[in-house]
1. So, in segment 74-213, how many Lys pairs have Cα atoms under 27 Å apart, if the pair is 8 or more places apart or on different chains?
2. Among Val176, Ser194, Gly150, whose Cα lies farthest out toward the positive end of the dipole of segment 146-224, if unit charges sit on the beta carbon of Lys, Arg (+1) and Asp, Glu (-1)?
3. Could you point to the residue in Thr249, Asn221, Thr232 farthest towards the positive end of segment 211-253's charge dipole, with +1 and -1 charges on the Cβ of Lys/Arg and Asp/Glu respectively?
4. Please work out the FRET efficiency for the pair Asp93 and Asp196, using the Cβ-Cβ distance as r and a Förster radius of 30 Å; give the result to the nearest 0.05.
5. So how do 104-114, 158-168 stack up, highest first, on mean other-Cβ count within 10 Å?
6. For a label point 7 Å from the Cα of Thr249 along Cα→C-beta, name the residues of segment 89-117 whose backbone N is under 19 Å from it.
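Derivation of every value follows stated rules applied to the coordinates shown; laboratory data play no part. These figures come from a predicted structure and were not determined experimentally. Positions of Cβ are generated from backbone atoms using ideal geometry, with glycine treated the same way; all protein chains shown enter the neighbour counts.
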Amino acid sequence: MLDVLEPGDRRRLARTAHERPGSEKRWHGGEVEAVDPHGGREATGATHGIGPPQTPTVSVPVTSVESTAHRPRKVAPMSSQTDAGALLTRALDQTESLLGEVSPDQYAKPSTCSDWTVGDLVKHLVAAPQKFADMAAGKDVDWAAAPDVGEDPAAEFRTSADALLEQVGDDGAETVSGAALPEFAVHGWDLAHSIDSGRRLDDEVAEKALGFMTANLTPENRTGAFEPEVETDDDAPVQDRLAAFAGRTVPAS
């Protein structure tokens, strides 16, 4: 999967995942713009959804990626489009299962995702598949917007997830999963830890998500939309390394 997109496009798509709450993300007719809630504005680059790579306004070579917490690990490219579709399906299934564990009385609890509550996180996740579908179709996407959910957020998510998989098929899954795996893997970790779920999360989904993020995010280009990376051991479980790279504080084991 990681070989499909040019470096500039991969960095921009990666920024849709695990964004810091309060940092708005908007897609404007082929451009993605991050707006700092305190008035700062990040650079804008052309993406045209997930179509042909465009020349970005700001280019940071992938070879410049450095990690202060762990040495980035080489992630093998997915061997086929079917592999990408299978991993995307597993990420969506995992998210649906986690959403099914949430009860309304947990919505007001703080989440591990910065200033969001569990309810905010649930709304964001339920809205995400449709946003990826819109992105795949070349539509403008506002990642800050998350409508209220009904009584069964897991069912709402499942309907939207199935529509996404049907829309992109195997061909599109290989491209969409590059942005979607980090989104659902990181926020899956957020939700699981926020509701004290005992569910074991999918390590392969997390490994691919971490590989995409370490190849595309640097301390410089995460400013305004991402929390700084948190130090963790090189041999820590992949779920913890993923969360730490996304700026989450990993509980002591």
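1. 9
2. Among Val176, Ser194, Gly150, the one farthest towards the positive end of the dipole of segment 146-224 is Ser194.
3. Among Thr249, Asn221, Thr232, the one farthest towards the positive end of the dipole of segment 211-253 is Asn221.
4. Taking R0 as 30 Å, the efficiency between Asp93 and Asp196 is 0.90.
5. Averaged packing, sorted descending, gives the order 158-168, 104-114.
6. The answer is 109-117.
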